[in-house]
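What follows is calculated from the coordinates using simple rules that are stated; it is not laboratory data. Owing to the predicted nature of the structure, the values given are computational and were not obtained by experimental measurement. FYI the Cβ positions are ideal-geometry reconstructions off the backbone, even for glycines, and counts take in every protein chain you see.
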Amino acid sequence: MSVEKSTQTARGTAQCENTNINLLKANDFVANIIRDKMTETNTLLINITSSAGSGKTTLMQKTATRLKNKLRMAVMVGDLETERDADRIRESGIQALQIVTGGICHLEAQMVHQVLPEYKLDEIDLLFIENVGNLVCPASFDLGEDYRVTLMATTEGDDKPKKYPRMFLTSDVMLISKADLLPYLPFSVDAVTKDARDINHELEVMVVSALKEEGLDAWCDWLVDKVQQKQA
Ligand SMILES: Nc1nc2c(ncn2[C@@H]2O[C@H](COP(=O)(O)OP(=O)(O)OP(=O)(O)O)[C@@H](O)[C@H]2O)c(=O)[nH]1
Ligand SMILES: [Mg+2]
């Protein structure tokens, strides 16, 4: 590459980084407004992230069925297109609204803030945000959540934490999902846990199968505990 071209490339990268920094600053400003609002209403906000298809919506459905008589719950779900996930979650008997991002690969705090008036937050103990399925972009956007929970499906392969470290660094919990498939896949729970904890020593790890309803007691107990802590 010529010196001139390499300078242009470097400048292009710097401009891009400035734009990103400004975008993230604006995002964090709104995320803090959301966080303050959730503190006012004692609503626990959980941001659910993962690659596409790791089982987020299925987990929301099963969690709603198990906890809806114990906690007042609602979900906000982001996808590039369609209302399908919100429809599925509503079938479980809780409020769910779809944010259609129209091509954007993550949710931003501004998008969440815009739909918050649709929820009666005073009457909600636990609000989930199901983020767009993507292990990269959503990692950089704080949505004002109390906790970030990342699903790591057995079908994705156990090498993902080291390849996509930011998501695991910024998460509080890694839920190893689709555990019912463990007997059929070359996936090591120990290896993925070690890799993820090398990146984030404090990461909590749970193993679940939403389909077979395994590991959901520990997950639901964790949620109830966190709601109680927030409301204490
Ligand atoms: N074997 C198995 N399949 C599961 C489990 N949970 C979900 N699935 C299947 O995985 C596929 C994707 O599940 P979804 O819940 O739609 O995943 P998602 O993460 O919400 O997908 P996106 O919103 O598109 O990113 C569906 O075919 C589910 O039936 C599980 O615990 N075990
Ligand atoms: Mg989904």
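For this structure, a couple of remarks:
- Cα centre as origin, Lys/Arg/Asp/Glu Cβ charges: the chain dipole, Debye: 180
- One equal scatterer on each Cα of the stretch 90-217, no solvent, Debye formula: the resulting log10 I(q)/I(0) at q = 0.09, 0.16 Å⁻¹ is -0.30, -0.91.
- Other residues lying with their Cβ under 14 Å from the Cβ of LYS162 contribute a combined charge of 0, Lys and Arg counting +1, Asp and Glu -1.
- Shape parameters for the stretch 3-231, alpha-carbon atoms, Rg then Dmax in Å: 18.1, 66
- Within straight-line cross-link reach of LYS120, lysines at Cα separation under 23 Å, skipping those fewer than 8 residues along the same chain: LYS37, LYS62, LYS68, LYS70, LYS226, LYS230
- For the stretch 29-73, the gyration tensor built on C-alpha atoms gives an oblate shape. Its axis ratio a/c (a ≥ b ≥ c) is at least 1.5, and a/b is not larger than b/c.
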